[in-house]
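Notes follow the structure.
We did not get these values from a lab; they are worked out from the coordinates using the rules stated. Model, not experiment: these values are computed from the prediction. Note: ideal-geometry Cβ built from the backbone for every residue, glycine included; neighbour counts use all protein chains shown.
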Amino acid sequence: MIDAFERDHTIRHHDEDPRFTPTTADTEWISIFGGDDPPWIIISGDGRILRNKSELAALREAKLTFFCMSKQWMHMSKHEYAWKLLRVWPEIVENARLATSPMLFEVSGGKSTKVDLIRLP
């Protein structure tokens, strides 16, 4: 959806990259994306990555800027998801532009969509 109007950035879904299959382990694709030059900025709907020790370690090691959608996004209809993502997209782009890798962000999808820096121990 974002790729339909975004001309300043390359948007690619994980499944569109021939290096991966739907069953590729998160630690593997995180490592590969981190090794690309320049490294990708990741936007993920899977918040479990931040709670899984090995996946979080892979994310830190890959030195990626990572945006994670909050739990609220998983309970939205696709139409609500679409307009809220379009609404918060400029804030995601601005935070990505200003980020010094690695940085982790959470994109909340409640009444007010916003991007917050995640401070991990």
Under the Karplus relation with 6.51, -1.76 and 1.60 and θ = phi - 60°, whole-Hz ³J(HN,Hα) for segment 36-46, x at Gly and Pro, equal 5, 10, x, x, 6, 9, 9, 10, 10, x, 9
Filtered hits (lysines, Cα-Cα < 25 Å from K114, offset >= 8 within chain) -> K63, K71, K78, K84
Output for segment 1-56: trypsin sites (Lys or Arg not before Pro) sitting in coil per DSSP, at most 11 other Cβ within 10 Å, listed by number, reads R7, R12, R19, R51
The long-range amide H neighbours of C68, using H built 1.01 Å from N in the peptide plane and a cut-off of under 5 Å, are S44, F105, E106, V107
Checked segment 53-101 with the C-alpha gyration tensor, a ≥ b ≥ c its square-rooted eigenvalues, rounded below a/c of 1.5, otherwise prolate if a/b is larger than b/c and oblate if not; verdict oblate
The size of the Cβ-based charge dipole (Lys, Arg +1; Asp, Glu -1) of the chain about the Cα centre, to the nearest 20 debye, is 540 debye
As a percent rounded to 5, the proportion of antiparallel DSSP bridges among beta bridges in segment 2-117 is 40 percent
In whole Hz, the Karplus estimates of ³J(HN,Hα) for segment 110-119 (6.51, -1.76, 1.60; θ = phi - 60°; x where Gly or Pro) are x, 4, 10, 7, 7, 10, 10, 5, 9, 9
